[in-house]
Amino acid sequence: MPGYIIHLAVGKIYLQHNKVEDIQRFEKGIIAPDRVTDKKKSHYGPYSSEPGLSKYLQENGCSSSYEEGYFLHLATDYLFYNKFLTNWDVAIYEDYDKLNAALIQRYNIKVPEEIEETVQFEEGCPTILKLEELCSFINTVGKINFKQITKKSENVQEQIEQELKEGGRRNEDTR
């Protein structure tokens, strides 16, 4: 799973392109899937790399700010593991810690109080992730029009992949 700060950065970009009623509830939704022990249950699939996007929409919908943030988290996990990351290694968790400060500064992120102790910082160069490539991923995913996608619960992954290929914002800005 991408680290909290990556998820919050995607959320920041998303908010620049989409009207969200309650930003605090939206951010709570963004961090919620990783704040639990049972990731299968919170990600609606066998692994966080294989979240059940359609299942989530069928069971919850996406009508509240919290649900929208939660879905954004799941979609980011799916894209991160299946379209962005080329090789996975446990060292990626150290990369998150090494990149957190740069991402917080670049995206002007205020770390929510409930995860302040969880977010770690480490000096050094990342070994798997490259900052500029990660920022490109964050910026592209944040521009995807998930409001349009969540109106239908079928072929959700294919719709998201198509939006990613097109660089997001295929449909009108929803602010």
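The values are calculated or read from the model by the stated rules, or taken from the named source; none is laboratory data. Note that this is a predicted model, so its numbers are computed, not measured. Note that we place each Cβ from the backbone using ideal geometry, even for glycine, and neighbour counts take in every protein chain shown.
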For F71, indicate whether it is without any contact (Cβ under 8 Å) to a residue 60 or more places away in the chain and in contact with a Ser or Thr (Cβ under 9 Å, 6 or more places away or on another chain).
no
Which pairs have Cβ atoms under 9 Å, sit 6 or more apart or on different chains, and link a residue in region 83-99 that is more than 18 Å from E50 (Cβ to Cβ) to one that is modelled with pLDDT under 90 and surrounded by 17 or more Cβ atoms within 10 Å (Cβ to Cβ)?
Y96/P2
Filter result (surrounded by fewer than 17 Cβ atoms within 10 Å (Cβ to Cβ), over 18 Å from L72 (Cβ atoms) and acidic (D, E)) within region 95-145:
E113, E116, E117, E122, E123, E132, E133
